[in-house]
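Take a look at the structure set out below.
The values are calculated or read from the model by the stated rules, or taken from the named source; none is laboratory data. Computed from a predicted structure; not experimentally measured. Methodologically, a virtual Cβ is constructed for each residue, glycine included, from the backbone with ideal geometry; neighbour enumeration extends over all protein chains shown. What goes into the accessible areas is simple: the full protein's heavy atoms, side chains included, and nothing from ligands, DNA or RNA. Shrake-Rupley method; radii C 1.70, N 1.55, O 1.52, S 1.80 Å.
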Amino acid sequence: MSPREPPRILCTGIIVLDEVFRVEEFPKPDGKVQATGFFVVNGGCAANAAVAIARLGGRAALAGPLGGPVGKDDNGDRVLAALKREKVDTAFCRRIDGLSTALSAIFMNARGDRTIVTYRDQRIAETVPADPDKIVAYADLVLADNRYPAFVTPICCAARRRNIPVVIDGDRPTVEDDPLFKLATHLIFSSECLRATTSAADLGAGLQRMARRTGAFLAVSNGPDDILLLDGGKIHRLPVFSVDAVDTLGAGDAFHGGFALALAEGQGEIKAMRFGAAVAGIKCSRIGGSAGAPTRAEVDAFLAAH
């Protein structure tokens, strides 16, 4: 990487087309509600993080499996067209003929909370990358979610062979000795994933349990509550920013994207997490899912004001 070039972050994992319905309140069982708004946006942990990184001025690349081929899978065509507009490099996205790109129906209430139903063909989840070493050849850091472990694990292995950082977004509940976790240099969980994976209701206890399984930097995000991180065997709290949230969709992914970019720029973990928290906070204040991700100038101004 030349001194003038921003870091190149490879995001890898799940890619989804999100259909979002805005409602005053979620429907009750066997009930109906009228939507107050509707929009379609590209989604999925890896894709959302890539958009956030590109908006922040990083060089974002995305690798993940989608349905195909071109012209036969409308969901995949729409997602890739949107990512191209965001200047995300999708050269290593793999399209699988005869299958459909994952689709989510999302209900978002007036407080910005959301309920998500996702359909994905299991055959897409079983897809593996063709050439992991080629995919990571020019990356300065890899950010992987754990929704498609068959696809991302070989890429993370290739990244470790190159001795570049591997940030894992622990989003899908799994087991404590998940092989993917051992490949991470930095492992950041959602609160839901950490609790389900460790069976520990207390997030700090969950991090302590995971510390026995991996030597990675460990942290857990918890929505509007403090981020917890493990440092020197002790639990520390990092407050997030207070905002008027109207849309939390993709906020965690924006946080991971901001953290990964700041880390690749040479910032320490604490500063990188604060930067990521600012990215997520601004995103929550805007409706639009990943389309609400902020620019670098907006984040810098937000941090200066807080």
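Worth a mention:
- Listed residue (193, 252, 232) projecting farthest to the positive dipole end of region 182-254, Cβ model: 232
- For the chain, share of DSSP beta bridges that run antiparallel, in % to the nearest 5: 40
- Intensity falloff of region 6-94 expressed as log10 I(q)/I(0), Debye formula with alpha-carbon point scatterers, at q = 0.11, 0.12, 0.13, 0.18 Å⁻¹: -0.38, -0.44, -0.50, -0.77
- Scanning residues 5 or more positions from residue 148 or on other chains, those with amide H under 5 Å from its amide H are 14, with H placed 1.01 Å from N in the peptide plane.
- In Å², nearest 10: area of residue 298 left accessible to a 1.4 Å probe: 70
- Pairs spanning more than 22 Å between alpha-carbon atoms, out of 28/283; 234/271; 84/271: 28/283; 84/271.
- Ranking 282, 214, 204 by how far each Cα lies toward the positive end of the dipole of region 168-306 (charges on Cβ) leaves 214 at the top.
- The shape of the chain comes out rounded: with a ≥ b ≥ c from the C-alpha gyration tensor, a/c is under 1.5.
- Largest GNM mean-square fluctuation across 43, 250, 112, computed for the chain with C-alpha springs under 10 Å, falls on 112.
- For the chain, the dipole from Cβ point charges (+1 on Lys and Arg, -1 on Asp and Glu) about the Cα centre works out to 520 debye, to the nearest 20.
- Amide H contacts under 5 Å for residue 126: none, restricted to partners 5 or more places along the chain or on a different chain, H placed in the peptide plane at 1.01 Å from N.
- Largest to smallest principal axis extent of the C-alpha atoms in region 64-134, angstrom: 44, 29, 27
- Geometric extent, Cα atoms of region 166-306 - Rg, Dmax (angstrom): 14.5, 42
- Overall shape: prolate for region 181-258, with the ratio a/c of the largest to smallest alpha carbon gyration tensor axis at 1.5 or above and a/b above b/c.
- Using a Förster distance of 41 Å, the FRET efficiency for residue 296-residue 28 (Cβ separation, nearest 0.05): 0.45
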